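Below: the structure, in structure tokens.
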Amino acid sequence: MKKLTVRVHDDYNILIERGLLEKSGELVKEVLAAKKLTLISDSNVYPLYGEKVKKSLEQAGYEVFVYIFSAGEVSKKASVVMDMVEYMASKNLTRRDGVIALGGGVCGDMAGFAAAIYLRGIKFVQIPTSLLAQVDSSVGGKTAVDLPQGKNLCGAFHQPSLVIIDPDVLDTLSSHFFSDGMGEVIKYGCIKSSELFQTLESCDIRKNIDEIIYHCLDIKREIVEKDEKEQGERALLNFGHTCGHAIEKLWNFENISHGEAVGIGMVLISRAGEQIGITEKNTSSRIAALLKKYNLSTSDCHSTEEIVGAMKADKKNTGSEIQFVMLSSIGNSFIYPVKHDKIKNLFAIN
Ligand code: GLY
């Protein structure tokens with residue numbers, strides 16, 4: 001079994017091994033001295049893996065209550081999280097009890113937020129089932145729901161007590177969702193590891209996915225340990241996301257995946273960096289070629305003017321400048337603040 005320890009105010013482990021789902025009860029037992037657990041999952045994931053995890057948790061001695069919500073980003077709202085916490089209250093969960101998040105990024109973000117606010121915070125364990133959640137959102141303690149004004153605007157930092165990653169579950173992931181996660185995997189290579197980037201260029205990563213997940217999470221672990229609450233270096237994880245969010249917004253968050261939008265964002269910002277001479281030449285074309293290899297788009301039908309407009313309107317960018325993440329070369333990234341009135345120059349538009 002591969003293991004990483006995230007050293008934050010309360011250290012926790014990330015465990016990676018095929019078949020771990022069946023052992024989830026005994027693994028949770030090592031970190032949660034609870035009697036009752038609420039297992040939170042969605043309507044797609046629970047029918048696939050829910051009973052297996054529930055049985056394992058029960059065999060470990062827990063009383064398990066199951067909360068299933070309707071799959072999809074539309075569920076990621078405050079009313080659903082309030083329903084989750086009311087459900088926990090109706091089952092008399094105490095502060096010693098816990099939450100298990102079984103699902104993709106939406107499930108982890110919402111279950112984590114419910115755990116963060118119920119009784120002012122109870123423990124929770126992440127069991128991510130999408131590639132995106134396995135390599136990114138299950139680790140680092142960001143939990144949130146969307147507001148009508150924007151994505152992830154209401155949430156809390158609440159670190160999990162354990163992250164259980166079973167790469168076998170990726171076998172049931174559609175190629176669309178696999179590619180979605182690959183957008184974030186490629187991002188890790190771009191910001192911190194030219195070695196990972198080269199591996200992605202040269203190998204069939206489906207065969208090496210366990211190692212790839214480990215490599216990505218080791219990068220994330222190091223960043224989160226240095227900057228748990230995103231006061232500095234953690235923002236590097238947002239490479240491609242400023243443009244990517246703007247693109248998602250222009251599509252009304254429909255018909256484009258997060259990974260796809262981030263991929264296009266990585267190409268756009270690297271091209272801009274090359275144009276102003278802060279990014280090594282050919283970086284954007286290397287990223288584009290890698291995105292294509294994993295069936296991700298490299299450009300969007302919206303104009304750069306429209307993308308920049310959506311970027312400035314984003315609630316997270318309302319200050320006087322936007323903190324872009326730039327690459328000097330593949331594997332080397334830095335924060336590059338640009339004043340709102342200079343953003344047009346960066347993207348060479350009028
Ligand atoms: N997904 C970016 C972060 O956890 O900071």
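Listed values, structure above:
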| quantity | calculated |
| --- | --- |
| Residue that is modelled with the lowest pLDDT [pool: residues in segment 202-255 that are away from the ligand (no atom under 16 Å from the Cβ) and of a type in the set (A, V, I, L, M)] | I205 |
| Enumeration of residues in segment 66-95 that are surrounded by 18 or more Cβ atoms within 10 Å (Cβ to Cβ) and under 15 Å from R120 (Cβ atoms) | V81, V85, M88, L93 |
| Residue within segment 317-333 that is among the β-branched types (V, I, T), touching a residue at least 24 places away in the same chain (Cβ under 8 Å) and surrounded by fewer than 16 Cβ atoms within 10 Å (Cβ to Cβ) present | no |
| Tally of residues being touching a helix residue (DSSP H, G or I) at 6+ places or on another chain (Cβ under 6 Å), over 16 Å from L15 (Cβ atoms) and among the hydrophobic types (A, V, I, L, M, F, W, C) across segment 213-232 | 2 |
| Residue that is nearest to N44 (Cα to Cα) [pool: residues in segment 106-125 that are crowded, with 24+ Cβ neighbours inside 10 Å and among the small types (G, A, S)] | G108 |
| Residue that is of a type outside the set (V, I, T) and within 16 Å of the ligand (Cβ to nearest atom), where the choices are S130, S161, S174 | S130 |
| Residue check, L132 over 17 Å from I40 (Cβ atoms) and within 16 Å of the chain's Cα centre (by Cα) | yes |
| Qualifying residue in segment 251-263 (condition: within 25 Å of R234 (Cβ to Cβ), part of a helix (DSSP H, G or I), in contact with a strand residue (DSSP E or B) (Cβ under 8 Å, 6 or more places away or on another chain) and β-branched (V, I, T)) | no |
| Per-region count, segment 278-307, residues open to solvent by 20 Å² or more (accessible area, probe 1.4 Å) and over 23 Å from Q198 (Cα atoms) | 7 |
| Failed item in (1) farther than 22 Å from V45 by Cα; (2) touching a Gly at 6+ places or on another chain (Cβ under 7 Å); (3) within 16 Å of the ligand (Cβ to nearest atom), with Y188 passing the rest | (2) |
| Sole exception among (1) touching a strand residue (DSSP E or B) at 6+ places or on another chain (Cβ under 6 Å); (2) open to solvent by 80 Å² or more (accessible area, probe 1.4 Å) for G98, by number | (2) |
| Residue satisfying all of: in segment 7-19; modelled with pLDDT of 95 or more and under 26 Å from F157 (Cα atoms); surrounded by the most Cβ atoms within 10 Å (Cβ to Cβ) among these | I14 |
| Where a residue in segment 136-155 is more than 10 Å from the ligand (Cβ to nearest atom) and its partner, wherever it lies, is hydroxyl-bearing (S, T, Y) and open to solvent by less than 50 Å² (accessible area, probe 1.4 Å), with Cβ under 7 Å and at least six apart | G155/T143 |
| Flag for G181 being buried (at least 24 other Cβ atoms within 10 Å of the Cβ), within 13 Å of the ligand (Cβ to nearest atom) and under 12 Å from the mean Cα position of the chain (by Cα) | yes |
| Subset of segment 218-249 (residues that are in contact with a strand residue (DSSP E or B) (Cβ under 6 Å, 6 or more places away or on another chain), charged (D, E, K, R) and either surrounded by fewer than 16 Cβ atoms within 10 Å (Cβ to Cβ) or closer than 20 Å to F324 by Cβ (or both)) | K229 |
| Residues located in segment 285-311, provided they are touching an Asp or Glu at 6+ places or on another chain (Cβ under 6 Å) and without any contact (Cβ under 8 Å) to a residue 60 or more places away in the chain | S297 |
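The values are calculated or read from the model by the stated rules, or taken from the named source; none is laboratory data. Keep in mind that what you see is a predicted model, and the values were worked out from it rather than measured. Reconstructed Cβ throughout: ideal geometry from the backbone, glycine too, with neighbour counts over all protein chains shown. Surface accessibility is based on the protein's heavy atoms, side chains included, excluding ligands, DNA and RNA. Shrake-Rupley method; radii C 1.70, N 1.55, O 1.52, S 1.80 Å.
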